[in-house]
Amino acid sequence: MAFLRFTKMGESQKLLHQLKYKNRPAIGLELGRIYGNLLKANGFKNYWDQITPVPLHPLKQKRRGYNQSEQFALGLGESMEIPVKLSIKRSFFTETQTKKTRIERIQNVADVFELEPNQNVENQRILLVDDVMTTGATLSTCANVLLQANSKLVDMAVIAAGKN
């Protein structure tokens, strides 16, 4: 599911640029609140047990000061009254995906994520969230980590998705 359609040079790109690169985490929170209210109004109240954001590598998060996907997750969780859990960790630093082909993106994130120690996702209905989906490589890799740990189901939501 995507809240917005990503368009180059469009409003969605401007919002995401502010969120990721201009120290505006409140944008993620507010977009999450708005989208969460829409989801609730359309039959998704109590649909998931937890919301899990796609993690940043600790070095990248330290540099940015926050994880934009986690901000979106926190807004969703607040409006939908669902706990946000950091169930996945990024074990390796990877290059940005922005200029990579679909195959390069898949290779770039293969074996990068793992379940956080002491996180039990067994039989959990999880909403996995990220900021942008282009090819789905990152989300698919994270979803597989959760499913291999016996999650009941993993749905995905993003702030914006490209037309592919």
When only Cα pairs under 8 Å and 6 or more residues apart are kept, what is the percent relative contact order across the chain? 28
Quick check: the distance between the Cα centres of region 145-164 and region 1-59, to the nearest angstrom? 14
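Where in the chain lies the longest segment free of chymotrypsin sites (Phe, Trp or Tyr not before Pro) that are both loop residues by DSSP (not H, G, I, E, B) and have at most 12 other Cβ atoms within 10 Å? List each step's numbers first, then the result.
Values: sites that count: F92, F93.
Result for the longest clean stretch: 1-91.
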What one gets for the chain as the Kirkwood radius, inverse of mean 1/r over different Cα pairs in Å, is 15.8
Picking from S140, L128, A160, whose Cα lies most toward the positive end of the charge dipole for the chain (charges on Cβ: Lys, Arg +1; Asp, Glu -1)? A160
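How much of the calculated P(r) for region 1-74 lies past 16 Å, in percent of all Cα pairs? Each step should come with its number before you reach the end.
On the way: 1468 of 2701 pairs.
When all Cα pairs of region 1-74 are counted, 54 percent exceed 16 Å.
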For the chain, calculated [θ]222 nm from helices alone, where every DSSP H run of n ≥ 4 adds -39500 (n - 2.57): -12000 deg cm²/dmol
Count the DSSP beta bridges whose two residues both fall in the chain, then state the antiparallel fraction as a percent rounded to the nearest 5. 15
What dipole magnitude, in Debye to the nearest 20, does region 2-161 give about its Cα centre under +1 on Lys/Arg Cβ and -1 on Asp/Glu Cβ? 600
Checking the cross-link filter: which lysines have an alpha carbon closer than 29 Å to that of K14, excluding same-chain neighbours under 8 positions apart? K22, K40, K60, K62, K85, K89, K99, K100, K163
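How high is the relative contact order of region 107-159, given as a whole-number percent (alpha carbon pairs under 8 Å, six or more residues apart)? Don't jump to the answer; show the numbers that get you there.
Values: 68 pairs, mean separation 25.7, N = 53.
Across region 107-159, relative contact order equals 48 percent.
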Under 16 Å Cα to Cα from K20, which aspartates and glutamates show up? Leave out anything in the same chain fewer than 8 places away. E11, E30, E70, E95, D130, D131
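Computed from the coordinates by the stated procedures, all read-outs in this text should not be read as laboratory data. The shown structure was predicted, so the numbers you read here are calculated from the model rather than taken from an experiment. For neighbour counting, all protein chains shown are included, and Cβ atoms are generated from backbone atoms with ideal geometry for every residue, glycine included.
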